[in-house]
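Worksheet: one structure, shown below.
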């Protein structure tokens with residue numbers, strides 16, 4: 001069984017998303033979840049963790065395999081930055097789209113996931129507690 005999820009109009013440029021997503025291909029969802037928790041980009045982390053939490057809540061199995069990841073360009077907002085002598089500097093705010101295609105591990109290789117669901121929940125609680133602490 002294959003399912004997919006997507007997010008449109010991410011306020012992150014496609015090149016930044018690609019630099020983070022290239023590690024995800026052909027891995028188990030739980031492994032990808034931990035890779036995301038370790039990533040430094042907070043905006044990307046919030047968006048993707050929400051997507052994956054929805055997937056984990058809907059599907060009860062722990063061996064969900066990530067088949068495909070697609071990153072596309074979306075709209076570009078064009079702005080002008082005023083400069084000296086009546087000139088202007090062009091600013092482009094790029095948006096992107098993310099598509100994830102998942103499969104339950106029925107016909108795939110029998111690779112065991114590195115991390116268990118309990119470990120994921122532990123890291124998730126740790127991440128939520130770190131957000132509450134104000135430094």
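Laboratory data are not the source of any read-out in this text; all were calculated from the coordinates shown. None of these values were measured; they are calculated from a predicted model. When we count neighbours, we look across all protein chains shown, and the Cβ atoms used for this are built from the backbone with ideal geometry, even at glycine.
Just a few scattered comments:
- Legend: ranking of residues 65, 6 from fewest to most surrounding C-beta atoms inside 10 Å; resulting order 6, 65.
- Between residue 89 and residue 43, the FRET efficiency from the beta-carbon distance, with R0 = 30 Å, is close to 0.80.
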